[in-house]
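The values are calculated or read from the model by the stated rules, or taken from the named source; none is laboratory data. What you see is a predicted model; the values in this text were computed from it and never measured. A quick note on method: Cβ atoms are made from the backbone with ideal geometry, for glycine too, and the neighbour counts reach across all protein chains shown. Accessible surface is based on the protein model in full, side chains and every heavy atom, while ligands, DNA and RNA are left aside. Shrake-Rupley method; radii C 1.70, N 1.55, O 1.52, S 1.80 Å.
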Amino acid sequence: MDIEERFLRAISDYGLLKKRDSVLVALSGGPDSVALLYLLHGIKDKFRLKLAAAHLDHAIRKASPKDREFCRELCRRLQVKFYSRRIDVVKIAKRDRANVEEIGREVRYDYFKSIGAKYGYKRIATGHTMDDNAETVLFNLVRGSGLKGLSGIAAKRGKIIRPLIGIRKPEIVNWLKENKIKYRIDPTNRSVRYSRNRIRNRILPEMEKINPEIIKSLSRFSRNVSEDIELIEKAGVLFYEKSLIESGKSKIVLDLRKLSGYDESLVKRVVLEAFYRLKGARKSPPYELISRAIEIIEGKSGKKSPLGKGIWLEKSQNRLSIFRAEPESFGEVRRPLKVPGITRIPGHDFEMRTEILKKNDLGSLKTKPSVALLDNSKVMEPEVRFRKRGDRIRPLGMKGTRLLSDLFIDRKIPSFERDNIPLVVSGNRVVWVAGVIISENFKVERATSEVLRIEICRP
């Protein structure tokens, strides 16, 4: 079976296209995307397709403008509508302290989706091949992914379609050569600087020495995993519905008495199903958050834990609530800090213990992160709350102030923890970011006579 036949079979088997569909091709200029454009152009009249292409220049290579012009000229020859944009991916990655590969992928898909939404394209076609799928499976395996990651790249996900997912990259290159179709070569694909390139250029060739059909084997493996996931997710939906007490746009309540009779892995699936429904997408939260959720379920009532993306889980008597809460809602929670004494905030698994000490009684000002030593005379009517947008602190040892959001990034504090870190404030000024840093404005100095000692404890 030749490439054209397998291309059409994939469209039929996965239901990728309908007649009169409008399709936007993600066109990089490389062999896969060029072949995809030609193959779709070849069935354009048969399917009565409205066809267009979009190119995103990542501004990583000096030669990238030539890639853009190549794509533009190709579309001109094929009489295909062409869109393009240049975005400095490296700059964004540095700003967000993120991986260039991951940021590039996010920016790329965001751009294609924005073009699709603006001009009404029902399908976005990408040139992912069987080789790309194998690389993704190995990449996710190395990262410790769950079954979802091991299912690889889906042939269809929402508006995204991948008609070449069942075809090997070498076959595509040979097809282009046979048809005398030109394409661009990205020299960075040979570099082992990026994780996927190391898998492509080093790991897979070694695996092929053991199994020459490793690419096909990994493709078959990912399909098997996908089938298993489908069965597991159906079970998750079934038991979710059996446990459901209340369901709304911002809150879902489950029956803990029913959940307690399920296996832990099934409980995780039920919680994930609730998370998906509130989030509106089937992208799982980090593994550690789901594990923490199980601890909350098995613990005392009144405990709360983040699931990520503004969604929280809270145990209350025989109910488990999964709800949506914007970060600002936590910033609005304020409790006076009892001095001396113990301060608790309902729904949170910590308490603040305070005492006033004579400075001369302190042997050292060095403390563990969970303890703050402050000049008591400077802290007026202290309160406990959570961060709000625009919060700033003058970090110990610094002259100027910094946004808490920037401080959290510098300290590599996971995003899902940031909204649950308590702050001690005096008026509108942040005194202590609990467990992180105190303010220079409230530190103990030579003239200090009384020291306010605060400790955050998790009972």
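Among Leu272, Leu289, which is the only one that is touching a Leu at 6+ places or on another chain (Cβ under 7 Å), of a type in the set (A, V, I, L, M) and in contact (Cβ under 8 Å) with a residue 24 or more places away in the chain?
Result: Leu289 is the single residue among Leu272, Leu289 that is touching a Leu at 6+ places or on another chain (Cβ under 7 Å), of a type in the set (A, V, I, L, M) and in contact (Cβ under 8 Å) with a residue 24 or more places away in the chain.
Could you please give the count of residues in segment 420-449 that are surrounded by fewer than 19 Cβ atoms within 10 Å (Cβ to Cβ) and within 21 Å of Ile311 (Cα to Cα)?
2
Determine whether Lys148 is open to solvent by 30 Å² or more (accessible area, probe 1.4 Å), touching a residue at least 12 places away in the same chain (Cβ under 8 Å) and touching a strand residue (DSSP E or B) at 6+ places or on another chain (Cβ under 9 Å).
Criteria not met by Lys148.
Among the residues of segment 378-390 satisfying the criterion of being crowded, with 21+ Cβ neighbours inside 10 Å and touching a helix residue (DSSP H, G or I) at 6+ places or on another chain (Cβ under 7 Å), which is modelled with the highest pLDDT?
It comes out as Val379.
Check segment 203-210 and report whether any residue there is part of a helix (DSSP H, G or I) and within 27 Å of the chain's Cα centre (by Cα). Spell out how you get there, then give the answer.
First pass over segment 203-210, keeping only residues part of a helix (DSSP H, G or I): 203-210.
With the extra rule that they be within 27 Å of the chain's Cα centre (by Cα), the set shrinks to 203-204.
Checked against the condition, which is being part of a helix (DSSP H, G or I) and within 27 Å of the chain's Cα centre (by Cα), segment 203-210 yields at least one hit.
Residue-wise test of (1) under 30 Å from Val270 (Cα atoms); (2) open to solvent by 50 Å² or more (accessible area, probe 1.4 Å); (3) at pLDDT 90 or above.
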| site | (1), (2), (3) |
| --- | --- |
| Arg196 | no, yes, no |
| Asn201 | no, yes, yes |
| Glu227 | yes, yes, yes |
| Ala235 | yes, no, yes |
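Out of Arg72, Arg61, Arg123, which single residue is open to solvent by 30 Å² or more (accessible area, probe 1.4 Å) and in contact with a Lys or Arg (Cβ under 9 Å, 6 or more places away or on another chain)?
When all the criteria are applied, what remains is Arg123.
Could you identify the single residue in Arg108, Arg86, Arg95 that is under 26 Å from Gly152 (Cα atoms) and of a type outside the set (Val, Ile, Thr)?
Sole residue among the options that is under 26 Å from Gly152 (Cα atoms) and of a type outside the set (Val, Ile, Thr): Arg108.
Only one of Asp21, Asp88 is acidic (Asp, Glu) and either in contact with a strand residue (DSSP E or B) (Cβ under 9 Å, 6 or more places away or on another chain) or open to solvent by 70 Å² or more (accessible area, probe 1.4 Å) (or both). Can you tell me which? Explain how you work it out, then say what you get.
Details: Asp88 fails: either in contact with a strand residue (DSSP E or B) (Cβ under 9 Å, 6 or more places away or on another chain) or open to solvent by 70 Å² or more (accessible area, probe 1.4 Å) (or both).
Result of the check over Asp21, Asp88: Asp21.
Out of all the residues in segment 344-354, is one or more within 22 Å of Ser449 (Cβ to Cβ), at pLDDT 90 or above and in a loop (DSSP other than H, G, I, E, B)?
Within segment 344-354, not a single residue is within 22 Å of Ser449 (Cβ to Cβ), at pLDDT 90 or above and in a loop (DSSP other than H, G, I, E, B).
Restricting attention to segment 270-322, which residues are assigned to a helix (DSSP H, G or I), open to solvent by less than 60 Å² (accessible area, probe 1.4 Å) and among the aromatic types (Phe, Trp, Tyr)?
Phe275, Tyr276, listed by residue number.
State which residue is farthest from Lys279 (Cα to Cα) when the search covers only segment 232-251 and only residues that are touching a Phe, Trp or Tyr at 6+ places or on another chain (Cβ under 7 Å) and touching a residue at least 60 places away in the same chain (Cβ under 8 Å).
Lys251
Being touching a residue at least 60 places away in the same chain (Cβ under 8 Å) and exposed (fewer than 14 other Cβ atoms within 10 Å of the Cβ) is the filter here; which residues of segment 352-369 pass it?
Of everything in segment 352-369, those that are touching a residue at least 60 places away in the same chain (Cβ under 8 Å) and exposed (fewer than 14 other Cβ atoms within 10 Å of the Cβ) turn out to be Glu355, Ile356, Lys358, Leu365, Pro369.
When segment 151-177 is examined, which residues are found to be crowded, with 17+ Cβ neighbours inside 10 Å and part of a loop (DSSP other than H, G, I, E, B)?
Residues satisfying the conditions are Ser151, Gly152, Ile153, Ala155, Arg162, Pro163, Leu164, Ile165, Gly166, Ile167, Arg168.
Restricting to segment 27-82, what's the tally of residues that are assigned to a loop (DSSP other than H, G, I, E, B) and either touching a residue at least 60 places away in the same chain (Cβ under 8 Å) or under 32 Å from the mean Cα position of the chain (by Cα) (or both)?
Qualifying residue count for the region: 10.
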